Each structure stands twice: as C-alpha cells, then as structure tokens.
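> Take a look at this one; I'll ask things after.
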Amino acid sequence: MPSRRLVLFGPPGVGKGTQAVRLREELCVAHISTGDILRDNVKRSTDLGVQAKGFMDAGKLVPDDLVIALVEDRLKADDCKEGFILDGFPRTAEQYDKLDSMLEARGTPVEAVLYFSAPDETLVRRIAGRRMCRDCGATYHVDYSPCKTGDTCEKCGGEVYQRADDNEATVAKRLQEYQAMSAPLLSRYQETGLLAEIDGTLSQEEVFQAALVAIS
Ligand code: AMP
C-alpha cells in the first residue's frame, strides 16, 4: 500500500504542483495547495485574500497564522479522510510544528516527504515562462509545454495568464524566502527518516516515476 499522506517539499518552480496533480490522480487523495487556495481567495476578494495579496505580489510568505488556519480547516474536509498531498506547506518552522501537532491529534501523521530539488537558474527559467489557467489551474510553459490554443486553456477554455508573482524580480524574492525560511526544515524532515530526494531537473514523467517509487 503506497503512502497516502504526503508532503511535497522544494523551492518555487520545481514542479511540486504538477506532480501533486498526478499523484492525486494516482492515489485518489486530497490535493492541498496553499498557493492555489490563497490565489482563489485573492480572486474572490475574501478577507483572507485581501490580507494575503500584498505578501504574495511581493514574493513574501503570507503570515503563519493565516496559512495555518486555512490548512487546519481544509484538513477537516471529507476528501482528506483517505489521505492528502500537502503542496507548499509547511514552509516555516512554525508551520512545521503546527502541522505536526495537528496531525498527531488526528492520528494521521505524514508518511512520506518528497523533496524536489533543482538549481536556481532552472527554477527562474521555469517560473518566468510559466502560464496558468485562471479557471482550472492547468499549467503551461511558453517554451516547454505551450498552450496549443493560445490564451484559451486547452482543457477548459478558461483564460491562460501569467501569475502576478511569476516575474523575474519577484522570483528572486521567493527564492530568498525559500532559502531563509523553508530550506532549514529539510534537516528536520531528514531526521524523521521520511524524506526522499528527487531530482527536479528530470522530465515530468521521470520525476513522477521516481515519486511513485519513493512512496511505494
Ligand atoms: P506557490 O503557489 O506555492 O508558489 O505560492 C504562492 C505564494 O503564496 C507564495 O509566494 C506565498 O506568498 C504564498 N504561500 C503559499 N503557501 C504558503 C505557505 N505555506 N506559507 C506562507 N505563504 C505561502
């Protein structure tokens, strides 16, 4: 039986979101992307979205209390009963600790942590060319996987756009935030014995196969 409670860890642009979608289809568990949930709140101008937007546009992390509350709430949903894929959470020591205690209280600890790595130049190139569908979240890349139907999503007909924070200046800030706040969590995950490192520069398919091996 493969692991069904996963954390996908790694820098922005390494492919966590793409792999999370494939793993969700494979495992039939909930996909919890804090970035997607925050963007949806920004789009709908909810209180959370209004509070988060400035941080996101500047490439900074959204304050812990806001993100922790949203994950806590999301984990209560029915679709998390069979498992979950955390994509982009935890990203700070505070989030790590809170997640640990939340899951311990539920009796559903994380079973595997997949760490995707890639050099900064690769991440910047991937992020700067990344395009997304506003409606279904499908991702494209202007060079590697262009949308065949232009600005209209191939999958759902929604508008294909560039995320406000996917520009080179903001990417540099996001990578700095990752190094300062998130990378230190790696040694903690290493100590748990749950961590598997996967080379994020490989093709999407190769990364997926490596992920399947890591959770099997
Ligand atoms: P992502 O889609 O994962 O690249 O996240 C986009 C942006 O959302 C980040 O640059 C942060 O501003 C915010 N964000 C997403 N997840 C978190 C998190 N776990 N903690 C703080 N901010 C987050």
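Taken together, the values in this text are just the output of simple stated rules run on the coordinates, not laboratory data. No experiment lies behind these values; they were computed from the predicted model shown. Positions of Cβ are generated from backbone atoms using ideal geometry, with glycine treated the same way; all protein chains shown enter the neighbour counts.
> Could you identify which residue out of 203, 182, 33 has the top mean-square fluctuation in a GNM of the chain using Cα springs shorter than 10 Å?
Maximum among the listed residues: 203.
> Calculate the FRET efficiency for residue 58 and residue 108 from the Cβ-Cβ distance with a Förster distance of 25 Å, rounded to the nearest 0.05.
It comes to 0.15.
> In the chain, what % of DSSP beta bridges are antiparallel (nearest 5)?
Percentage antiparallel, nearest 5: 30.
> Okay, moving on. Quick one: grab the alpha carbon gyration tensor of the stretch 170-213, order the square roots of its eigenvalues as a ≥ b ≥ c, and give me rounded if a/c is under 1.5, else prolate or oblate depending on whether a/b is larger than b/c.
Values: a/c = 4.38, a/b = 1.25, b/c = 3.52.
Oblate shape, in that a/c is at least 1.5 and b/c is the bigger or equal ratio.
> Give, to the nearest whole percent, the P(r) tail of the stretch 144-189 beyond 18 angstrom, counting all Cα pairs.
So the pairs more than 18 Å apart make up 55 percent of the total in the stretch 144-189.
> Return one quarter of the surface area of the convex hull spanned by the alpha-carbon atoms of the chain, equal to its mean projected area, in nm². Each step should come with its number before you reach the end.
On the way: hull surface 45.2 nm².
Over every viewing direction, the Cα hull of the chain projects on average to 11.3 nm².
> Then there's this: What is the spin-label model distance, in nm, from residue 216 to residue 168 if the labels are put 7 Å beyond Cα along the C-beta direction?
Going by the 7 Å Cα→Cβ label model, 4.2 nm.
> Then there's this: Name the residues whose placed amide hydrogens come within less than 5 Å of the amide hydrogen of residue 31, ignoring near sequence neighbours (fewer than 5 apart) on the same chain.
For residue 31, whose amide H was placed from the backbone, the distant partners under 5 Å are 85.
> Taking just the alpha carbons, could you work out the radius of gyration and Dmax for the stretch 95-216, both in angstroms?
17.2, 47
> Could you tell me what % of all Cα pairs in the stretch 5-98 have separations over 18 Å?
Taking all Cα-Cα pairs of the stretch 5-98, the fraction more than 18 Å apart is 45 percent.
> Too long at a 23 Å Cα-Cα cut-off: which of 76/155; 43/155; 60/98; 43/148?
Long pairs (Cα-Cα over 23 Å): 76/155; 43/148.
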